[in-house]
Amino acid sequence: MEEQIDRMDAIAEDHVAVDGGQRKISLEPERIDDGDFVRICSAGGGFDGELGVVLEPLLERFRGDDLVERGEVLREVIEEVLARVDDFGTLERYIWLLQFSCGLCLLRDLPVGLSFEINKVIRSVANLDTEEYQFDPLMIHTIAKSLFEDIPLKGMNLVHVIKKLAVLNQKLFSYVSIAMIFAGVRHYTRPDQPTRMYRLYGLSEVLDLLESLKSDHLQQKSLDIQRIFLILKLLSCYQNVAILRYSQDSRPHIEEQHRCFGEFFIFREEHKRSYLRHLALALEVVKRMSGRADHFDRLADNEDFMLVVELLELDMIPLVKDDLGEEE
């Protein structure tokens, strides 16, 4: 590990990019504006028939500047959708409903008092019967792709939606979340290579991605702390959605619970230890860089580095160590 760190240090020392010291990392989602929300609502097969007739004039009013009316209109929109939630039986209509729910979760300047209604929408979607979709790789691909590309989801908006879906502990949401996690990881490790298949990944494939990222990082001419932070945030989501949730389950239980996807939730100890070593390497590199005060005027400022250090040191690494039964 020391040799790898020294190589990273040497390259960063020689090729650090000039940077004004502006903050690059935010812990909050970027959110979407009213126009993007209306676009999401107006697209796809859910916005047809009776619902489309009802929502279209409401969404026109939602574009106005009156904040009180904006809140009232949004409440009406939510009520109309909830009243018909059981009618979203086709895949096309289900995808619209899920996009609508994610759009609500991301809406900027949310009117006061609507958080409960928005949570009610996404819980209602989670309660729909999705058994015909949840073990079909093509369905997982179609749903994840529609969220990732059509909303579209990038940056902390992606992390926010993944957390919203994953916390409900609904099987389809978990699978879609994992597919989007790795679409995001691939986007930030290989932005020139679009995701062709949105699918589940196992920990061995995660390690391959991390190995690729490490090699890629060694060849970089600048240290992109924002990109590193987003990759780690997505991997932190993966820890919680997959590794820590199913790590201690027996193989027969996993295969019964996840059927054709069981292989993606069986975590070998050597793989978890290798994953932990990657996290430890990342922590050492970022700590060394954050300790170089003479670089703060050319790299993202110290607070950005400390956010990455805290994410690794206080969140990701301790949870994996605890899962492995290691003492701090």
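The values are calculated or read from the model by the stated rules, or taken from the named source; none is laboratory data. The structure displayed is predicted, hence computed values, not measured ones. Cβ: placed from backbone, ideal geometry, glycine included. Neighbour counts: every protein chain shown. With ligands, DNA and RNA removed, areas are computed over all heavy atoms of the protein, side chains included. Shrake-Rupley method; radii C 1.70, N 1.55, O 1.52, S 1.80 Å.
Observations
- Filtering the stretch 129-145 to residues that are at pLDDT 95 or above and open to solvent by 10 Å² or more (accessible area, probe 1.4 Å) leaves Phe135, Asp136, Pro137, Leu138, Met139, His141, Thr142, Lys145.
- Failed item, numbered, when Leu235 is tested on (1) outside any loop (DSSP other than H, G, I, E, B); (2) more than 27 Å from Leu283 (Cα to Cα): (2)
- If the condition is being closer than 18 Å to Met197 by Cα and either open to solvent by 10 Å² or more (accessible area, probe 1.4 Å) or assigned by the TED database to the domain that holds Thr90 (or both), then the stretch 159-185 contributes no residue at all.
- Members of the stretch 99-142 that are on the phi < 0 side of the Ramachandran plot, assigned to a loop (DSSP other than H, G, I, E, B) and among the charged types (D, E, K, R): Arg108, Asp129, Asp136
- Among residues of the stretch 143-162 that are farther than 15 Å from Leu107 by Cβ, those with a Cβ under 7 angstrom from a residue that is assigned to a loop (DSSP other than H, G, I, E, B) and open to solvent by less than 10 Å² (accessible area, probe 1.4 Å), sequence gap 6+ or separate chain, pair up as Ala144/Tyr198; Lys145/Tyr198; Leu147/Leu153; Phe148/Tyr198.
- Summed over the stretch 238-261, the residues that are part of a helix (DSSP H, G or I) and surrounded by 17 or more Cβ atoms within 10 Å (Cβ to Cβ) give a count of 10.
- If you check Leu106, Leu74, Leu110 for being within 13 Å of Phe37 (Cβ to Cβ) and either modelled with pLDDT under 90 or aromatic (Phe, Trp, Tyr) (or both), only one passes: Leu110.
- Annotation: of all residues in the stretch 208-232 being assigned to a helix (DSSP H, G or I) and exposed (fewer than 14 other Cβ atoms within 10 Å of the Cβ), the one that is modelled with the lowest pLDDT is Leu218.
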